[in-house]
1. Output the qualifying pairs, or none if there are none: Cβ atoms under 7 angstrom, residues six or more apart or on different chains, first residue in segment 69-94 and more than 16 Å from Glu57 (Cβ to Cβ), second residue surrounded by fewer than 16 Cβ atoms within 10 Å (Cβ to Cβ) and among the charged types (D, E, K, R).
2. Does Pro64 satisfy being away from ligand 1 (no atom under 11 Å from the Cβ), open to solvent by 30 Å² or more (accessible area, probe 1.4 Å), in contact with a helix residue (DSSP H, G or I) (Cβ under 6 Å, 6 or more places away or on another chain) and modelled with pLDDT of 95 or more?
3. Quick check, is Val135 within 9 Å of ligand 1 (Cβ to nearest atom), at pLDDT 95 or above and either open to solvent by less than 70 Å² (accessible area, probe 1.4 Å) or among the polar types (S, T, N, Q) (or both)?
4. Quick check on segment 1-25: of everything there that is in a helix (DSSP H, G or I) and of a type in the set (Gly, Ala, Ser), which residue is surrounded by the most Cβ atoms within 10 Å (Cβ to Cβ)?
5. When you check Asn77 against the structure, is it polar (S, T, N, Q) and open to solvent by 80 Å² or more (accessible area, probe 1.4 Å), yes or no?
6. So if I check each of Ala97, Ala73, which one is closer than 12 Å to Gly8 by Cα, away from ligand 2 (no atom under 13 Å from the Cβ) and assigned to a helix (DSSP H, G or I)?
7. Return a yes/no flag: does segment 80-96 have any residue that is of a type in the set (Ser, Thr, Tyr), open to solvent by less than 60 Å² (accessible area, probe 1.4 Å) and at pLDDT below 95.
8. Which ones in segment 26-54 are surrounded by 18 or more Cβ atoms within 10 Å (Cβ to Cβ) and not in a loop (DSSP other than H, G, I, E, B)?
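The values are calculated or read from the model by the stated rules, or taken from the named source; none is laboratory data. As the structure is a prediction and not an experimental result, all values here were calculated from the model. Glycine also receives a Cβ, built like all others from the backbone with ideal geometry; neighbour counts cover every protein chain displayed. Note: accessible area is taken over every heavy atom of the protein model, side chains too, but ligands, DNA and RNA are not part of it. Shrake-Rupley method; radii C 1.70, N 1.55, O 1.52, S 1.80 Å.
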Amino acid sequence: MFKRILVGMDTSEAAGRAFDVALDLAEKYGAEMRALFAVALPEYGATVGEVEEVRNEGRKIIAPVLEQAMAKARRKNVPCEARVYPGHPAETLINYAAQEQCDLVVVGRRGSSPAKRFLLGSVSTRVTQYAPCHVLVVK
Ligand SMILES: Nc1ncnc2c1ncn2[C@@H]1O[C@H](COP(=O)(O)OP(=O)(O)O)[C@@H](O)[C@H]1O
Ligand SMILES: [Mg+2]
């Protein structure tokens with residue numbers, strides 16, 4: 001059923017829970033995993049150097065989260081690769097899922113943004129609507 005599971009990672013607890021659910025499914029289905037953190041770029045056109053700078057900043061922010069997640073996957077013998085890409089989180093997850101033929105995208109209900117007035121976060125909403133495969137929103 002699932003061969004490659006993509007998890008949207010940010011620094012939120014919800015994303016951590018999403019990873020745990022994805023890992024459990026991956027173990028049961030014998031699937032491999034990709035944990036992807038997208039680093040949002042500034043709205044204005046960024047130069048190649050600026051993109052790389054933003055990406056490096058992003059790597060620093062997410063490194064401890066991804067390291068912990070990868071260690072969990074190793075303990076369960078589930079192959080898991082971490083990715084940090086520049087771009088809009090939802091768009092990056094959707095494009096990655098399409099290009100890398102992922103069967104399932106797992107995201108948390110909310111992310112790390114302080115705006116809690118909507119039921120679903122903007123990333124989870126968009127991924128649910130536009131991903132090319134199944135989507136699981138973890139509460
Ligand atoms: N930058 C990101 N890169 C990858 N996945 C993300 C990113 N931001 C959010 N996500 C995923 O989307 C889920 C919901 O976050 P989001 O929709 O951004 O909510 P909020 O609006 O509260 O920030 C997170 O739990 C995470 O799984
Ligand atoms: Mg967010």
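1. As it stands, the answer is Lys76/Glu27; Val78/Glu27, since those pairs meet every condition given.
2. Values: away from ligand 1 (no atom under 11 Å from the Cβ): yes; open to solvent by 30 Å² or more (accessible area, probe 1.4 Å): yes; in contact with a helix residue (DSSP H, G or I) (Cβ under 6 Å, 6 or more places away or on another chain): no; modelled with pLDDT of 95 or more: yes.
Against the criterion (away from ligand 1 (no atom under 11 Å from the Cβ), open to solvent by 30 Å² or more (accessible area, probe 1.4 Å), in contact with a helix residue (DSSP H, G or I) (Cβ under 6 Å, 6 or more places away or on another chain) and modelled with pLDDT of 95 or more), Pro64 does not qualify.
3. Taking the combined requirement at face value, the residue does not satisfy it.
4. Kept after step one, since they are in a helix (DSSP H, G or I), are these residues of segment 1-25: 13-25.
Of the ones still in play, those that are also of a type in the set (Gly, Ala, Ser) are 14-16, 18, 22.
Details: Ala14: 20, Ala15: 27, Gly16: 18, Ala18: 26, Ala22: 30.
Top of the filtered list is Ala22.
5. Criteria met by Asn77.
6. Among Ala97, Ala73, only Ala97 is closer than 12 Å to Gly8 by Cα, away from ligand 2 (no atom under 13 Å from the Cβ) and assigned to a helix (DSSP H, G or I).
7. Quick first cut of segment 80-96, residues of a type in the set (Ser, Thr, Tyr) only: 85, 92, 96.
Among the residues that remain, those that are also open to solvent by less than 60 Å² (accessible area, probe 1.4 Å) are: 92, 96.
The next check asks that each one be at pLDDT below 95; those that pass are none.
There is no residue in segment 80-96 that is of a type in the set (Ser, Thr, Tyr), open to solvent by less than 60 Å² (accessible area, probe 1.4 Å) and at pLDDT below 95.
8. Start the filter on segment 26-54 by keeping residues that are surrounded by 18 or more Cβ atoms within 10 Å (Cβ to Cβ), which leaves 26, 31, 33-39.
Within segment 26-54, Ala26, Met33, Arg34, Ala35, Leu36, Phe37, Ala38, Val39 qualify.
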